[in-house]
Every structure is written in structure tokens, then in C-alpha cells.
Amino acid sequence: MAAAADHDNDPKLHLVMFPWLASGHLIPFLELSKALAKKGHTISYITTPRNLTRLPPNLSHLINLIGFPLPAVNHLPSDVDLTIDLPSNYLRPYLRIAYDALEPQLSAFLDSSSPDWLILDYAPYWAARVARARGVRCAFFSLFSASCLTFYGTPSALVGGEGARTTPEELTVSPDWIPFPSPVVYRPHEARKIFNPDEARDNSGVSEAYRFSVVIADCDIVAVRSCGELERDYLKLLETYMYHKPVIPLGLLPPVVPDRTDSTWDDIFEWLERQKSGSVVYAAFGSEAKLSVEQVRRIAVGLESSELPFIWAFRRPQSVPDRVDVLPEGFADMVGARGIVCEGWAPQVNVLAHPSVGGFLTHVGWNSIVEGLQHGRVLALLPLMYDQGLNARFISERRAGVEVPRNEEDGSFTSEDIAATLRMVMVEEEGEEFRAAAKEMGRVPPLEFDEADNSHANGGEDEANADTLEVGDAGGVAIELPHDGDEEFVEGGLRRT
């Protein structure tokens, strides 16, 4: 087994990480960076100077943190370095324009540092070309699951070629290229939103689908934040039929639970200590989703009427001034000491790790799925955007969570739907199989990459000079990457600013 071998004498690589400017992308790239750095490889992690201040402060001994100033762009506020900073989603294309303007800085860095590999996110469609011109190989690190990537199709299909979907209805059925039964499809209301002109508009001049397509087509390998135990059939399909290049599961890369050094949250954890084991619901909906006032109030009433203890990481709708009370009148009195609302942010990794927490009401982002299931927390699924609906179908099939019922046409849900789903997954007999499945998924071990099964990762069994990057202790696999060497979330994620 490759994982059992002693690779201390292997040549070490210099890998450059280049994530997109979103908190849900910075952190998985950081987790991968730490895992590889601990194996002795040199890691250069690139983002903006302001984003570097949001990262944990104790990384410089492991990783070279490189700050590229974000160029000024018309319409983009000067204090925006992440999607979460955007005052409106309509400004998102201008952040992409600024990101694309980092090309000269990346080119100069590659010239001066001569790394072995550039690890790309989906957004820099130009980066593989830049790297190839300098003899640097590229890997696309996908933060989408293998099941999502399979549903989206080939690089050609993403940009209108064979297999492209041209109507919302085509997104509500499993595509022809998936030869096994798959529930991973969009609901009608989700599909229509994708085809909504307001959603599809992109003033950056380069669509997200085009970015995905070019990055996948131009990279040497595709690395996926997943593992064979969860998505083996999808991973094989991606590699052999759809991408025709190595597709390597890195594992789920769950974050390490950080030590708590911030006394700000002492009251929350003291409250958790007083709750019964597995009794608390944690509710959070990520940094990207924009809930309406009506949705917020329905969630609030659902949490209250579930009669379960809860912690809610609550984000105020952007359109509502701070002086306006978004939560239902009398909500605090109705909940009393049974619930805690943390406005803006909560230490999610630590909360989910606490034994009093048993369930997670989530927007079903892949990061949140990983963080919930690593501790065996059963999921109540309320997808809101992007790939989240597809993730919800996948998790539902695995029986590790239950989707909140929605109106198929408009996506609406009721407070009763929220409460009933929470009670079912948390306390009712009907939910026992889901609680058991979630605990079982929490025991998914690091996937060890068998050398015989993965010679494709370095171009075949006869390819010489491959280094094995063992990521197994971080929840992943041993990756073989070719080498040319013949000759806050503070402490657990982003820091609040």
C-alpha cells in the first residue's frame, strides 16, 4: 500500500494554491495546504492581503502566505475582498473582474518561484494557460461533490456543446450519461432560478459555466473533495467517460476542531454543557445565501415550535436596516433559555463538535455537510442556492438527512415544515434510521490510495519520477503527482474583520 510506504526520501514539491475569493473556498484550500505542508512539501497560498488577516494567525511556519492586492475595479467597493463583503449579489461579476486582473501578479510569481504544481479553483479560467507557458502543471481542486460534477456534465456540455441543457425541465431529470439510478437532480423551482435572467447575468464578460469548463479542460488532473466510500460510481464516471483524465478523491478534508481561545463564546458553551447529549439543533445557512425576511421568520417560528433546544447563527437580510427587528415579535420571550441566537457569526466547527449537539439545520453547502457529518450530526436539509439542492438529494439518498418539504413550484416552506422535520430527525422513532446513518457517515475513515489503483495519477505505471503526497491523516488519500526532478472563523476558518 502506498500509504504504508516511507516517503521521507521522496523529492518534495512546491505547490501553489489559488482559491476563489469566497470563505467557503479559502478554508478547504487552506485545509489541503496544511495537510500537504505537514508532509514536507512547500506550499504557497495566494489570496489578497486583507483575506490573509482573516486566516488563523499560526500558519506561517507551515505555509507561505502570499498577498496579491486586488486591483481597483469600477463599481466594486474598495473594502470588498470576499463574496461575503459584497453589499449586493449584483456586484459579484465585478469581483470576478478584479480576480481576473490578478493574472499579471500570478504570472510574475510563477516566473520567480518556479513551482511544480498550481492548484486551481474553478474561477481563474486563464491560469492553466499561464502556468503551462512556464512549464507548471495544474490541478483543479473541486469543492463540488463528484455527484454534482457528474450532473453538470462534460466541459463541452457546460458551454453549450453536446449534452447541454437548454430548458429548466432538463435539469429536473437525471442526464443520459449517468448509467445508474441517481436522485441528484434539481427541483422545478431550483431549475427555473438557474435559468432566471437575473441569476444568469454576468457583467464580468465570462460566465461561471465557461470558467468551470476551461479549468476542467485545461488542467492535468481533477482533485475532488470527496472519497470513494461515498461517491465511487460518480468518481469513476467522471474519470473514464466525462473528463478523460485522472480524477482523484482527496477525502472530505474535515477541519480540525480548534482550541477555544476566545472568551466571547463562553456563555454559549456553558449553555451547551447544561443540555442533554445529542439534544441540541444547530442552525446555520452559510455566508452566501441571502434569506428573505419571510424565510427568516418562518425558520424562527419553526425552531421555536419544534420545542427543541437550539443555537442559530443568524444573518440579517441585507436589505433590512439594523434598527428593524427581523425576528417575530416576542420571539425571545417565547424561546426563553431554550434557544440562543448568535447574530452574524458563531464558532460552527466547535459547536458542531460539542456532544450536546445532535442535529444540524443547514443550507446543505458541501463544507457544512462535511463539518456536520464528521461528528455524526443528523441533517435537516434546507437548500437555498447553487449546488445545494443537488447535495440535498444526495444526502437524502444516503439517509443521513431529511429535506424540509417545499412547494415544488415556488420553493416556499412553512414553519410547520421546519418544526416537523427537526422533530423527526432529532427525537421521533421515524428518524432513528437517519440518526444512525449520520453517525455511520461520521465514521467514514480516511481513504487510503492503493498504488496499483492510482498509477493513472502520474500518467501510468511506467511514468517515472512521481511523488506521493499522502493526505490520509487529514481525511483524504495519497495522491501521486508527477515531478520533473530527473536532474472564521478564528483558528478553524476565517477571522472576523
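The values are calculated or read from the model by the stated rules, or taken from the named source; none is laboratory data. Only a predicted model underlies this, so the values are computations on that prediction, with no experimental measurement involved. Cβ: placed from backbone, ideal geometry, glycine included. Neighbour counts: every protein chain shown.
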Check on TYR90, among the aromatic types (Phe, Trp, Tyr), surrounded by fewer than 19 Cβ atoms within 10 Å (Cβ to Cβ) and not assigned by TED's automatic domain parsing to the domain that holds GLY286: yes
Qualifying residues in the range 147-180 (those that are of a type in the set (Phe, Trp, Tyr) and part of a helix (DSSP H, G or I)) - the one surrounded by the fewest Cβ atoms within 10 Å (Cβ to Cβ): TYR152
Selection status of VAL326, aliphatic (A, V, I, L, M) and not assigned by TED's automatic domain parsing to the domain that holds ILE27: yes
Number of the exception - GLY160 against (1) modelled with pLDDT of 95 or more; (2) on the phi > 0 side of the Ramachandran plot: (1)
So VAL378, is it at pLDDT 95 or above and either of a type in the set (Asp, Glu) or crowded, with 24+ Cβ neighbours inside 10 Å (or both): yes
Filtered residue count, the range 66-85, keeping only those that are surrounded by fewer than 20 Cβ atoms within 10 Å (Cβ to Cβ) and not acidic (Asp, Glu): 11
Filter result (more than 19 Å from ARG96 (Cβ to Cβ) and assigned to a loop (DSSP other than H, G, I, E, B)) within the range 115-146: PRO115, ASP116, ALA133, ARG134, GLY135, VAL136, SER145
Failed condition for PHE413, given (1) among the hydrophobic types (A, V, I, L, M, F, W, C); (2) over 17 Å from the mean Cα position of the chain (by Cα); (3) more than 18 Å from HIS189 (Cβ to Cβ): (3)
Residues that are within 19 Å of ILE299 (Cα to Cα) and polar (S, T, N, Q), drawn from the range 320-371: GLN348, THR362, SER368
First in the range 102-119 and more than 14 Å from GLY67 (Cβ to Cβ) and assigned by TED's automatic domain parsing to the domain that holds LEU21, second anywhere and in a helix (DSSP H, G or I) and of a type in the set (Val, Ile, Thr), Cβ under 7 Å, 6 or more apart: GLU103/VAL130; SER107/VAL130; LEU110/VAL130
Residue list for the range 381-393, filter: in contact with a helix residue (DSSP H, G or I) (Cβ under 9 Å, 6 or more places away or on another chain) and modelled with pLDDT of 95 or more: LEU381, LEU382, PRO383, LEU384, ASP387, GLN388, GLY389, LEU390, ASN391, ARG393
Failed item, numbered, when TRP345 is tested on (1) in contact with a helix residue (DSSP H, G or I) (Cβ under 7 Å, 6 or more places away or on another chain); (2) at pLDDT below 90: (1)
Close pairs from the range 125-143: first outside the structural domain of GLN105 (by TED's automatic domain parsing), partner at pLDDT below 95, Cβ under 8 Å, at least 6 apart: none
Filtered residue count, the range 377-408, keeping only those that are in a loop (DSSP other than H, G, I, E, B) and under 23 Å from GLY302 (Cα atoms): 12
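Condition first: of a type in the set (Gly, Ala, Ser), over 21 Å from ALA128 (Cα atoms) and touching a helix residue (DSSP H, G or I) at 6+ places or on another chain (Cβ under 9 Å). Now tell me which residues in the range 57-103 satisfy that. Working first, answer last.
To start, the set of residues in the range 57-103 that are of a type in the set (Gly, Ala, Ser) comprises 60, 67, 72, 78, 88, 98, 101.
Those left that are additionally over 21 Å from ALA128 (Cα atoms): 60, 72, 78, 88.
If the condition is that a residue be of a type in the set (Gly, Ala, Ser), over 21 Å from ALA128 (Cα atoms) and touching a helix residue (DSSP H, G or I) at 6+ places or on another chain (Cβ under 9 Å), then ALA72 is the only one that fits.
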Test: residue in the range 269-282 that is over 25 Å from GLU371 (Cα atoms) and either in the same structural domain as HIS363 (by TED's automatic domain parsing) or acidic (Asp, Glu) (or both): no
Restricting the range 26-46 to residues that are under 19 Å from the mean Cα position of the chain (by Cα) and part of a strand (DSSP E or B), the residue that is surrounded by the fewest Cβ atoms within 10 Å (Cβ to Cβ): ILE46
VAL224, sole failed condition from (1) assigned by TED's automatic domain parsing to the domain that holds ALA131; (2) more than 16 Å from ASP121 (Cβ to Cβ); (3) modelled with pLDDT of 95 or more; (4) out of contact with any Gly (no Cβ under 7 Å at 6 or more places or on another chain): (2)
Residue list for the range 50-77, restricted to those being farther than 27 Å from PHE285 by Cα and in contact with a strand residue (DSSP E or B) (Cβ under 8 Å, 6 or more places away or on another chain): LEU59, LEU62, ILE63, ASN64, LEU65, ILE66, GLY67, PHE68
